[in-house]
Amino acid sequence: MKDRALALAGLLQAVQLVQQMAQTGQSEAKPLAACIDSLFRFDAETPEAVFDGAAKLEPGLHRLVGQLQGGAGRDAALTRMAMTVLHLERRFIGQHAAVEAVRSGLEEISRQQAHWGPTHPTVLARLGDLYAKELSPIGPRVLVQGNPVYLGQPDLVGEVRATLLSAIRAAVLWRQLGGSYWDFAFSRGAMLAAAREWLESIR
């Protein structure tokens with residue numbers, strides 16, 4: 001459960017960044033770098049290693065606590081986006097050709113990521129193109145609500161798609177760790193405790 005909570009924190013961190021981009025036209029660099037970098041850790045030995053340490057997911061862990069506690073801390077729009085990502089991940093994993101194409105694309109882009117860094121515009125643009133080509137046609141479409149001025153900018157749309165690709169990566173990890181929708185029905189308390197434990201460990 002502790003590893004699953006970390007994967008969900010990665011998913012929520014990515015979705016929260018998408019929300020920031022849509023509403024303000026920008027996002028925080030360090031949380032974004034952590035999400036994008038996770039796409040290129042193909043053979044990480046532990047879930048924590050996928051994100052280069054739990055500390056890189058502090059915003060996502062705080063968001064997970066807020067979502068699980070409910071009440072004023074919960075963001076309904078964020079929940080809807082996260083659930084759509086989980087649905088999309090299920091359909092994506094069932095499409096062998098798309099999975100192979102994404103893996104191949106990431107290996108190709110990894111050279112630029114290593115040279116320029118994860119948040120370089122060219123890296124984000126290429127990741128966005130990969131998402132548009134391989135995941136958008138599968139559906140369901142992740143509904144991103146925000147300022148139309150920002151969402152009409154091609155560069156920002158590319159960044160949004162790149163970040164959604166990292167959300168899919170976290171969703172795949174969550175499933176690989178045994179995560180299922182039953183967790184949300186019967187294991188909310190255990191997930192909340194696990195998220196708090198991670199936060200305590202990085203303070």
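The values are calculated or read from the model by the stated rules, or taken from the named source; none is laboratory data. Keep in mind it's a predicted model, so treat the numbers as computed, not measured. Every residue, glycine as well, gets a Cβ built from its backbone with ideal geometry; the counts of neighbours run over all protein chains shown. Quick note on the areas: whole protein, heavy atoms, side chains included, nothing else; ligands and nucleic acids left out. Shrake-Rupley method; radii C 1.70, N 1.55, O 1.52, S 1.80 Å.
Computed over region 57-121, the range of Cα coordinates on each principal axis works out to 44, 31, 16 Å, biggest value leading.
Loop-resident trypsin sites (Lys or Arg not before Pro) (DSSP state other than H, G, I, E or B) in region 34-72 with no more than 16 further Cβ atoms inside 10 Å of their Cβ: 41. Exposure check, 1.4 Å probe, all protein chains in place: residue 75 carries approximately 40 Å² of accessible surface.
For residue 2, the lysines whose Cα falls under 26 Å of its own Cα, not counting residues fewer than eight places away in the same chain, are 30, 56. Over region 5-102, the pair-distance histogram of Cα-Cα distances with 10 Å bins from zero comes to 15, 43, 36, 7, 0 percent, rounded to whole numbers.
Relative contact order of the chain, taken over Cα pairs closer than 8 Å and 6 or more residues apart, is 40 percent.
The orientation-averaged projected area of the convex hull spanned by the Cα atoms of the chain comes to 10.6 nm².
The length gained on full extension between residue 177 and residue 149, counted as 0.36 nm times the residue separation minus their Cα-Cα distance, comes to 6.2 nm.
A run of the chain free of exposed loop cleavage sites, with GluC sites (Glu not before Pro) counted only in DSSP states other than H, G, I, E and B and at most 13 other beta carbons within 10 Å, reaches its longest extent at 46-203. Simple rule: put +1 on each Lys or Arg Cβ and -1 on each Asp or Glu Cβ in the chain, find the dipole, and look at 122, 97, 138; the Cα lying farthest toward the positive end is 138. The alpha-carbon of residue 133 sits under 20 angstrom from the alpha-carbons of these aspartates and glutamates, leaving out residues fewer than 8 places away in its chain: 89, 100, 107, 108, 155, 159.
Sparsely packed loop sites in region 102-169 (the trypsin sites (Lys or Arg not before Pro) outside DSSP H, G, I, E and B with at most 15 other Cβ atoms within 10 Å) comprise 141. Rounded to the nearest 20 debye, the dipole magnitude of the chain is 480 debye, with +1 charges on Lys and Arg beta carbons, -1 on Asp and Glu beta carbons, and the Cα centre as origin. Taken as entire DSSP H runs, the helices of the chain never both span 27 Å or more between Cα atoms along their own long axis and average 1.6 or more on the Kyte-Doolittle scale.
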